[in-house]
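Student: Handing you this structure, nothing more for now.
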Amino acid sequence: MDKTWWKEAVVYQVYPRSFMDSDGDGIGDLKGILMRLDYLQELGVDVIWLSPVYQSPNDDNGYDISDYRSIMTEFGTMSDFDRLLKAVHERGMKIMMDLVVNHTSDEHSWFKESRSSKDNPKRDYYIWRPGKNGKEPNNWESIFKGSAWKYDEATDEYYLHLFSKKQPDLNWEHPELREEIYSMMKWWLDKGVDGFRMDVINFLSKDQRYLDGDVRYGKQHGDGSPFFMNGPRIHEFLQEINQRVLSGYNLITVGEMPGVSPDEAQLFTGKERGELHMVFQFEHMDLGGGPEGKWSNKKWELSDLKRILSKWQIGLEEDGWNSLYWNNHDQPRIVSRFGDDGKYRVESAKMLAVCLHMLQGTPYIYQGEELGMTNVCFERIDEYRDIETLNSYEELVNSCGWTEERMLEAIYARSRDNARTPVQWNDSRNAGFTAGTPWIGVNSNYPEINAEKAYNDPNSIFHFYKKLIQLRKKHEIIVYGRYELLWPDDEQIFAYTRTLDEEKLLVLCNFKDYEASYSIPEGLNTMSATLLIGNYEQLPIEEISVKPLRPFECRVYQLK
Ligand code: TEU
């Protein structure tokens, strides 16, 4: 297998709005990130992925960009950015920018021009269609609820917005629009940034027929995803991006791709394909989905998770590469979701870290994950800020008859705001995040869960992550070893091996809050096993297959 630095790297995602506020306006900023670089260096991460820092009216917290070449006023200035980039490089780390080019803000100058008249030269930078019998051009639903089309009086046509109505979709069929994007990307790369995380990049190519999608029972709108996910020209566009821009630099690239399968991912990431390094797939995050999408929050079994992750491990084993993540700014906190955020918070957070970081792929850590930060339960809906949460509340409670109680339960489990409460730095007011009033409430558990406390406790989740990262740097097998699942049907233990030449790792993770017995499979020689990492005190080696795994216990053995 080819060896490259981005396979060996660990990426840390910063959501700047919630990371660290330097000036007391309640909103995290670039100077705040600068203040915490020592912390990130201590943790040992190689790459910092910055969620969007560009100028934006913040309808979707920066994922609605109004100017790609300037910095969001609340986050600082371009010279703050240049200083940050320099400081990151001086510490031997890299910066990966978020690239949001499926859509812009409706406040982008391109859109202002585009909407001004049908014969404006930028009209076709966006997707405009006449109405059909006085209604929307088709029945597609927006990912943030309601129709995906918005009527615009000025020219008596509708524009497409797969996300909020303030996020009009760009028309990638238009060659000049593509040129604009490439020159913007080069502009950032020439500044010295080290890569891109590409937002919903498999949505760029829309099926030009704009056919209606299927309407599921009880739904008002249709599902347009078969017509915009992995659309007809997507590989052509990505290859063009690669040839025109990416191939000239030494970068790390990851494409965010809802609805992607391992077979498709192989096409996006295969070595000879000239597209991307890796993708963010969603299958493991979509567990528990139902008729109301993630809000259904249905039960699922550990074997489902193992089946999905194993399919991805095997699917990209020969060609292509996996990204590994439990968390990001769109997902609830993993310790609350797949672990136990009460009695076994520390044990389960460590177990989840081992389970993910020992897989084959490039691991991503989301801010606060290394502290075991948990979901939040705000009492009232008006304490939530996320547009997806608020729009879904509006629709499900006000139009679909959900009780407020039922909806709040779903929000506690799945809202994106679970990940967006401020990072808990210490036990002072507002968890040390801001001297002012934070833009979203701080989780009330900050006196217990915070970075300062974790730093001073050698047994903390923070130090455990640090150790995991160090192990990755020391043992090639963690990066390159072949994956094999053990006991696929066991509903309590997620166990697998990794193999590189003569070397083997055995990874055992108990996902439940009670003991789990197991027996070491024949053919695995545990006689001279050494424990690389575990989250309980070590057992004598003779006992490794005799003693059951304790609640949420994980152990990684190196076998010869
Ligand atoms: O997310 C894409 C996406 O599909 C998510 O909206 C996802 O479906 C949802 O969050 C699950 O709850 C990206 C960004 O990561 C997200 O923050 C943006 O809101 C979105 O694109 C639009 O840019």
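Student: Among (1) out of contact with any strand residue (DSSP E or B) (no Cβ under 9 Å at 6 or more places or on another chain); (2) in contact (Cβ under 8 Å) with a residue 60 or more places away in the chain; (3) closer than 23 Å to Gly231 by Cα, there is one condition Asn102 misses while meeting the rest; what is its number?
Tutor: (1)
Student: What is the residue count in the stretch 494-515 for residues that are of a type outside the set (Asp, Glu), surrounded by fewer than 21 Cβ atoms within 10 Å (Cβ to Cβ) and closer than 16 Å to Arg550 by Cβ?
Tutor: Total satisfying the criteria: 2.
Student: Could you list all residues from the stretch 230-253 that are farther than 24 Å from Met96 by Cα and touching a helix residue (DSSP H, G or I) at 6+ places or on another chain (Cβ under 9 Å)?
Tutor: Passing the criteria: only Gly231.
Student: Evaluate the following for Phe282: is it assigned to a loop (DSSP other than H, G, I, E, B) and modelled with pLDDT of 95 or more?
Tutor: Taking the combined requirement at face value, the residue satisfies it.
Student: Same structure, new question: Quick one: which residue in Lys306, Lys294 is within 13 Å of the ligand (Cβ to nearest atom), basic (Lys, Arg) and touching a residue at least 60 places away in the same chain (Cβ under 8 Å)?
Tutor: The match here is Lys294.
Student: Further, regarding this structure: Mind telling me which of the residues Tyr496, Tyr483, Tyr518, Tyr536 ends up being in contact with an Asp or Glu (Cβ under 9 Å, 6 or more places away or on another chain), in contact (Cβ under 8 Å) with a residue 12 or more places away in the chain and farther than 29 Å from Ile365 by Cα?
Tutor: Of the residues listed, the single one that is in contact with an Asp or Glu (Cβ under 9 Å, 6 or more places away or on another chain), in contact (Cβ under 8 Å) with a residue 12 or more places away in the chain and farther than 29 Å from Ile365 by Cα is Tyr518.
Student: Right, another one. I want to confirm something. Restricting to the stretch 27-55 and keeping residues that are within 16 Å of the ligand (Cβ to nearest atom) and outside any loop (DSSP other than H, G, I, E, B), which single residue is farthest from the chain's Cα centre (by Cα)?
Tutor: Across the stretch 27-55, the extreme among qualifying residues is Gln55.
Student: Further question on the same structure: Hand me the list of strands (runs of 3 or more DSSP E) wholly inside the stretch 436-554 holding 2 or more residues that are of a type in the set (Val, Ile, Thr).
Tutor: Answer list for the stretch 436-554: 493-500, 530-534.
Student: For residues that are over 14 Å from Leu177 (Cα atoms) and of a type in the set (Asp, Glu), scanning just the stretch 112-136, find the one that is surrounded by the most Cβ atoms within 10 Å (Cβ to Cβ).
Tutor: Glu136
Student: Residue under question is Trp326, and the condition is that it be part of a helix (DSSP H, G or I) and closer than 25 Å to Ser415 by Cβ; does it hold?
Tutor: Spelling it out, it is not the case that Trp326 is part of a helix (DSSP H, G or I) and closer than 25 Å to Ser415 by Cβ.
Student: When only residues in the stretch 101-116 that are out of contact with any Pro (no Cβ under 8 Å at 6 or more places or on another chain) and hydrophobic (A, V, I, L, M, F, W, C) count, which is farthest from the ligand (Cβ to nearest atom)?
Tutor: Once the filter is applied, the top-ranked residue is Trp110.
Student: If you don't mind, another one. Across the stretch 408-450, what is the total count of residues that are within 15 Å of the ligand (Cβ to nearest atom) and among the aliphatic types (A, V, I, L, M)?
Tutor: 5
Student: Among (1) surrounded by fewer than 21 Cβ atoms within 10 Å (Cβ to Cβ); (2) touching a residue at least 12 places away in the same chain (Cβ under 8 Å), there is one condition Val346 misses while meeting the rest; what is its number?
Tutor: Here Val346 clears every test but (1).
The values are calculated or read from the model by the stated rules, or taken from the named source; none is laboratory data. These numbers were taken from a predicted model, which means no experiment stands behind them. No Cβ is skipped: glycine too gets one built from the backbone with ideal geometry, and neighbour counts run over all protein chains shown.
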